[in-house]
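Structure first, then comments.
The values are calculated or read from the model by the stated rules, or taken from the named source; none is laboratory data. Values in this document were obtained by computation on a predicted structure and should not be read as measured data. Every residue, glycine as well, gets a Cβ built from its backbone with ideal geometry; the counts of neighbours run over all protein chains shown. Heavy atoms of the whole protein, side chains included, go into the accessibility calculation; ligands, DNA and RNA do not. Shrake-Rupley method; radii C 1.70, N 1.55, O 1.52, S 1.80 Å.
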Amino acid sequence: MDPREVLTSVEKKPRLDIGVKRSEEQAVASTSTATTKQKPANGEKRSKKAPKKRKQKRTIPEPYSHDDVLWRDVRDLLGVEVADGIIEEGKEWNSPFQHGEELEVEVSAISSTGDGLAVAPFPKPPWVVIVPFTLPGEVARVKIHQSHRLHSVSSLLEIKTPNPTLRDDSRVKCRYFGVCGGCQYQQLSYDTQLDLKRNVIAKAYRNFSGLPESSLPTIGTTVPSPLQYGYRTKITPHFREPPKKAQKPEGSAKPDWLKIGFNVNDTSQVLDIEECPIATPVLNEAYGPIREKIVSDISTYKRGATLLLRESLPIIGDGNNGDINPETTICVTDHKGTVREKVGDKVFEYPANSFFQNNNSVLVPLTSYVRDAIFAADGISDKPRPTHLVDAYCGSGLFAISLSDNFEKVVGIELAADSIRSAAHNATLNGCQDKCSFLSGDAANIFSVVKDPRDYPRDKTVLIIDPPRKGTDENFIGQMMKFGCEVVVYVSCNVHTQARDIGMILGKETKDGRKYGVESLRGFDLFPQTAHVESVAILRLQ
């Protein structure tokens with residue numbers, strides 16, 4: 001298939017609001033070798049110009065966003081009283097650094113976003129420097145390229161003193177690590193990565209839930225991914241539009257301006273990437289020929305584009321379970337195509353451009369954990385065994401269908417009509433259509449489809465919530481409290497909005513005056529080598 005048929009418009013969204021773009025050569029600066037300085041030619045003297053002071057964008061981060069999470073870590077490192085004092089004085093935007101200034105810092109901590117945090121060295125005033133790809137205790141030489149509220153973002157020039165306990169660069173399996181913004185933790189042992197992700201959950205609840213620590217259980221160890229590399233079943237490399245004065249490339253040579261890949265860390269620049277070690281082998285095999293096709297046809301493109309590569313099982317015969325060979329996979333590149341995936345003994349089909357978890361290897365541990373947590377009270381409580389399941393934000397039916405064998409009746413609720421169609425189709429594929437139904441819920445009254453207690457007895461009903469990154473809202477939580485089922489499972493790809501929502505849930509009562517308590521809280525590593533963590537909270541009426 002011609003790659004142009006599978007492309008969509010590029011979304012230019014840098015991970016941080018960086019106003020200055022670095023060249024790729026600057027970004028590729030080694031973490032082990034100092035950057036060399038070129039000498040002036042023909043004995044010319046280099047003119048020394050004072051670095052220009054860049055105008056700062058004085059914007060407060062969106063609550064619970066990447067930048068807001070980073071801001072909380074900055075404030076904690078400086079100390080809340082110190083940070084609040086600077087804010088009261090109106091000096092929180094007074095960066096002590098010029099754009100382009102180089103300095104040495106000692107890293108004190110790792111943020112929830114995976115970056116190193118260092119306090120500006122004396123005699124600078126209290127200020128934090130963000131240093132990517134560094135670890136606590138390391139001394140690094142950095143270059144400031146943007147300043148924000150109480151902190152500046154830097155690029156790493158050199159690690160002068162590494163942390164010998166945590167860092168082992170032989171673990172790194174990607175030649176782009178330290179430049180590409182996709183991974184932060186390849187230099188760490190996997191156990192250390194899991195510990196860091198547990199700490200992210202703890203900080204999220206401390207910063208965003210408003211709950212006393214005594215109201216929460218001990219956070220469990222992060223559940224590991226069976227695969228730490230070669231696990232990602234979806235990648236979306238992209239490239240920019242040709243420059244206005246770009247000349248038509250000669251022959252099959254790739255023009256210098258054409259970069260096909262992912263963003264340079266903390267910028268909107270594209271880094272040319274030929275392979276991604278965290279992507280599954282079948283995606284990397286397909287990616288090379290697609291790149292070559294784009295290079296050969298680049299003069300026909302008017303705009304930049306985003307590729308879609310998604311691993312899928314082939315669909316053979318009539319598509320039932322007996323026609324699947326899980327050892328054979330293909331790469332789907334048409335965003336309108338169909339992807340087929342097997343989770344345990346269940347099969348799922350969904351449009352290639354729709355949402356589905358991107359690490360298949362951890363989905364059985366995830367769904368099994370949720371199942372076991374739901375029925376944890378069996379035999380040790382006088383409460384009836386759950387018989388009904390409501391899956392809100394059900395998507396293509398992952399939880400509803402995976403757990404259907406354990407319930408008499410299952411309903412999935414979703415706002416997107418395409419997802420409802422996929423979920424209903426998947427129920428038929430797995431032979432559970434008689435007990436599973438999927439309904440479109442109005443955001444203003446999402447529980448109206450299950451409001452009759454005769455159909456869904458509250459003491460025997462489990463609710464699963466798996467919302468998008470923005471989490472739920474007060475309207476949803478109010479409806480949920482009126483519904484008042486016995487068990488709630490909250491699965492989240494953004495633990496910070498999860499913490500906020502659970503704080504609201506625990507502060508409310510059901511219509512019969514009962515409250516929920518958090519029975520267990522645990523992370524799942526859906527994206528090894530990155531700072532991301534999925535969080536699962538089990539709530540039960542007290």
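Provide the packing ranking of 144-151, 468-475, i.e. peptides ordered by the mean count of other C-beta atoms within 10 Å per residue, highest first.
Ranked from most to least packed, the peptides come out as 144-151, 468-475.
Show me the GluC sites (Glu not before Pro) within the stretch 182-276 that DSSP assigns to loop and that have at most 13 other Cβ atoms within 10 Å of their Cβ. Don't skip to the answer; put the middle values down first.
Values: sites: 213, 250, 274, 275; in loops: 250, 274, 275.
Loop-located and lightly packed - 250, 274.
Under the classification rounded if a/c is under 1.5, otherwise prolate if a/b is larger than b/c and oblate if not, where does the stretch 387-542 fall, given a ≥ b ≥ c as square roots of the Cα gyration tensor eigenvalues?
Note, shape of the stretch 387-542 comes out oblate.
Going highest first, how would you order 496-502, 295-301, 403-409 by mean Cβ packing within 10 Å?
Details: 496-502: 25.9, 295-301: 13.6, 403-409: 17.6.
Highest mean packing first, the order is 496-502, 403-409, 295-301.
Can you give the accessible area per residue of the chain, in Å², using a 1.4 Å probe?
Heavy-atom accessible area per residue stands at 47 Å².
With angles folded into 0 to 90 degrees, how steeply does helix 190-208 sit against the dominant principal axis of the chain? Use alpha carbons for both and round to 10.
80
Given all pairs of different Cα atoms, what value in angstroms does the Kirkwood hydrodynamic radius of the stretch 369-408 take?
The Cα-based Kirkwood calculation yields 11.1 Å.
Summarise the long-distance tail of P(r) for the stretch 456-517 by giving the % of C-alpha pairs beyond 21 Å.
Counting every Cα pair in the stretch 456-517, those more than 21 Å apart make up 16 percent.
For the stretch 200-283, what is the convex hull volume of its Cα atoms per residue in Å³?
Looking at the stretch 200-283, the number lands at 150 Å³ per residue.
Just to confirm the number: angle between the C-alpha axis of helix 281-297 and the first principal axis of the chain, 0 to 90 degrees, nearest 10?
Here the helix axis deviates by roughly 50 degrees.
Could you give me D for the chain, from Stokes-Einstein at 10 °C and 1.306 mPa s, where the hydrodynamic radius is the Kirkwood radius over C-alpha pairs? Units µm² s⁻¹, please.
62
Hey, if we sort 111, 189 by accessible area with the 1.4 Å probe, largest down, what's the order?
Of 111, 189, the descending order of accessible area is 189, 111.
Along each of its three principal axes, how wide is the spread of alpha-carbon positions in the stretch 333-375, in whole angstrom units, largest first?
The principal-axis extents, from largest down, are 40, 17, 16 Å.
What does the charge dipole of the stretch 52-136 about its Cα centre add up to, to the nearest 20 debye, if the Cβ of each Lys and Arg holds +1 and the Cβ of each Asp and Glu holds -1? If you can, show how the numbers build up before the last one.
On the way: 10 positive and 15 negative charges, 103 e Å.
So the magnitude is around 500 debye.
Considering only DSSP beta bridges whose two residues both sit in the chain, what percent are antiparallel, to the nearest 5?
Antiparallel: roughly 70 percent of the beta bridges in the chain.
Quick check for me: using +1 on Lys/Arg Cβ and -1 on Asp/Glu Cβ, what's the dipole size of the chain about its Cα centre, in debye to the nearest 20?
2100
Quick one: helix 363-374 against the long Cα principal axis of the chain, what's the angle to the nearest 10°, folded into 0 to 90?
Approximately 50 degrees, to the nearest 10.
For the chain, with the dipole built from +1 on Lys and Arg beta-carbon atoms and -1 on Asp and Glu ones, taken about the Cα centre, which of 411, 456, 147 lies farthest toward the positive end?
The residue sitting most towards the positive pole is 147.
Regarding the stretch 59-123, what's the average projected area of the Cα-atom convex hull, expressed in nm²?
5.2
For the charge dipole of the chain, defined by +1 on Lys and Arg C-beta atoms and -1 on Asp and Glu C-beta atoms about the Cα centroid, which residue among 505, 273, 489 has the Cα displaced farthest towards the positive pole?
So the residue furthest toward the plus end is 273.
Would you calculate the convex hull of the Cα atoms in the stretch 376-463 and tell me its volume per residue in Å³?
88
Let me test this: with uniform point scatterers at the alpha carbons of the stretch 491-542, what is the Debye-based log₁₀ I(q)/I(0) at q = 0.20, 0.22, 0.25, 0.32 1/Å?
-0.71, -0.80, -0.94, -1.22
What pairs in 245/293; 173/234; 57/293; 346/515 have C-alpha atoms more than 29 Å from each other?
57/293; 346/515
Under the 0.36 nm per residue contour assumption, what length would be gained going from the current alpha-carbon distance of residue 170 and residue 416 to full extension? Let's see the in-between values first.
Values: separation 246, 0.36 × 246 = 88.56 nm, distance 4.50 nm.
Going from the current span to full extension adds 84.1 nm.
Within the chain, what whole-number % of the accessible surface is contributed by carbon and sulfur, with the 1.4 Å probe and all protein chains included in the calculation? All intermediate terms of the calculation are to be shown ahead of the outcome.
Numbers: 12470 of 25380 Å².
Reported share for carbon and sulfur atoms: 49 percent.
Rounded to the nearest 0.05, what FRET efficiency do residue 345 and residue 206 give with R0 = 25 Å and r taken as the Cβ-Cβ distance? Could you check? Before the final figure, lay out the partial values.
Working: r = 40 Å, r/R0 = 1.59.
So the FRET efficiency works out to roughly 0.05.
Take peptides 479-485, 91-97 and line them up by average Cβ neighbours within 10 Å, highest first, as a rough protection proxy.
Numbers: 479-485: 19.1, 91-97: 17.3.
Put in order of decreasing packing, that is 479-485, 91-97.
Given +1 on the Cβ of Lys and Arg, -1 on the Cβ of Asp and Glu, and no further charges, what dipole in debye does the stretch 237-307 carry about its Cα centre, rounded to the nearest 20?
Using Cβ point charges on Lys, Arg, Asp and Glu, the stretch 237-307 gives about 440 debye.
Using only DSSP helix segments of four residues or longer, with each worth -39500 (n - 2.57), what per-residue ellipticity at 222 nm results for the chain after dividing by its residue count and rounding to 500?
About -6500 deg cm²/dmol.
Viscosity 1.002 mPa s, temperature 20 °C: what is the translational diffusion coefficient of the stretch 237-307 from Stokes-Einstein with a Kirkwood Rh over Cα pairs, rounded to a whole number of µm²/s?
166
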